[in-house]
Amino acid sequence: VLGLYEDITERKQADERLRQSEEQYRYLFENNPHPMMAYDLETMQILAVIDAAVIKYGYPRDEFLNMTIADIHPAEDMERLMLDLAQPRPALQYSEGWRHKLKDGTIIDVAVSSHILDLKGHKAALVVAQDITERKRAEAALRMAEEKYRNIFENAMEAITQTTPEGRYITANPATARILGYDS
């Protein structure tokens with residue numbers, strides 16, 4: 001009779017630590033508050049999507065997983081998307097100026113962070129999409145207000161000036177120059 005004995009306690013503990021670590025990372029991914037999805041870089045097929053994306057975009061998970069990344073872009077953005085996807089990609093990428101289409105047809109502005117990874121044997125991009133629509137609207141409103149102020153300042157018939165507390169001029173509109181005789 002021959003018997004062998006091997007203590008596998010350390011291996012079992014290492015396997016359990018690995019399982020717990022994988023479970024923790026899966027939990028963190030699936031419960032991220034920002035919409036995230038992964039898509040195949042060759043076929044553009046969406047491979048994975050988290051609840052935050054399902055809620056934000058309005059597509060049920062099974063519908064999302066039968067879509068491509070092109071399906072969430074407005075038709076008029078297709079040429080730009082195809083050109084972008086044809087370019088070599090860095091491992092990490094951040095870009096603004098993209099628009100995504102929600103299930104109800106609403107178009108939102110997004111800032112996109114992406115990371116290249118291997119997912120289920122696919123060369124994929126993991127994408128975090130942040131809705132920046134309200135920020136873009138606020139920036140546009142600020143630009144309009146600044147333009148309106150600049151127009152009033154430049155075209156006012158009255159003198160408008162800005163001075164330091166000591167009385168030194170910082171800015172003066174054209175009417176100020178005309179009234180003070182400096183317009184010649």
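The values are calculated or read from the model by the stated rules, or taken from the named source; none is laboratory data. The shown structure was predicted, so the numbers you read here are calculated from the model rather than taken from an experiment. So basically every Cβ, Gly included, is an ideal-geometry build from the backbone, and we count neighbours across all protein chains shown. Surface accessibility is based on the protein's heavy atoms, side chains included, excluding ligands, DNA and RNA. Shrake-Rupley method; radii C 1.70, N 1.55, O 1.52, S 1.80 Å.
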The range 131-184, dipole about Cα centre (Lys/Arg Cβ +1, Asp/Glu Cβ -1), debye to the nearest 20: 60 debye
Projected-area mean, the range 1-97, by convex hull of Cα positions, square nanometres: 11.0 nm²
Would you mind giving the three semi-axes, in whole Å and largest first, of the ellipsoid equivalent to the chain according to its Cα gyration tensor? 57, 23, 15
So how much slack lies between E10 and E96, counting 0.36 nm per residue of separation and subtracting their Cα-Cα distance, in nm? 26.2 nm
The range 1-45: C-alpha gyration tensor shape, a/c 1.5 cut-off, then a/b vs b/c: oblate
Using Cα pairs closer than 8 Å and at least 6 residues apart in sequence, work out the relative contact order for the chain, in percent. 14 percent
Which helices count as membrane-span-like in the chain under these terms: full DSSP H, at least 30 Å along the axis by C-alpha, Kyte-Doolittle mean of 1.6 or more? none
Apportionment of accessible area to carbon and sulfur, the range 1-71, percent (1.4 Å): 52 percent
Exposed loop sites here are GluC sites (Glu not before Pro) in DSSP loop states with at most 12 other C-beta atoms within 10 Å. What is the longest stretch of the chain lacking them? 43-157
Calculate, in nm to one decimal, what R137 and A156 gain on full extension: separation in residues at 0.36 nm each, minus their alpha carbon distance. 4.0 nm
Among the listed pairs K56/K123; K101/K148; K56/K148; K103/K148, those beyond 28 Å (Cα-Cα): K101/K148; K56/K148; K103/K148
Looking only at chymotrypsin sites (Phe, Trp or Tyr not before Pro) in DSSP loops with at most 13 other Cβ atoms within 10 Å, what is the longest site-free stretch of the chain? 6-181
Over the chain, give the accessible area per residue in Å² for a 1.4 Å probe, as an integer. 71 Å²
When the charge dipole of the chain is computed with +1 at the Cβ of Lys and Arg and -1 at the Cβ of Asp and Glu, the Cα pointing farthest to the positive end, of G167, A129, L83, is that of G167
Among P33, L47, N66, pick out the residue whose Cα is farthest towards the positive end of the charge dipole of the range 1-154, where Lys and Arg carry +1 and Asp and Glu carry -1 on C-beta, about the Cα centre. P33
Sequence neighbours fewer than 8 away in the same chain don't count; with that in mind, list the aspartates and glutamates whose C-alpha is under 20 Å from K136. E76, D77, E96, D109, E146, E147
With all protein chains present, the range 100-184 has a carbon and sulfur share of its accessible area (1.4 Å probe) in percent of 55 percent
With a Förster radius of 25 Å, plug the Cβ-Cβ distance of Y149 and R80 into 1/(1 + (r/R0)^6) and report the FRET value to the nearest 0.05. 0.15
With charges only on Cβ, +1 for K and R and -1 for D and E, what is the dipole size of the range 45-184 about its Cα centre, in debye, rounded to 20? 180 debye
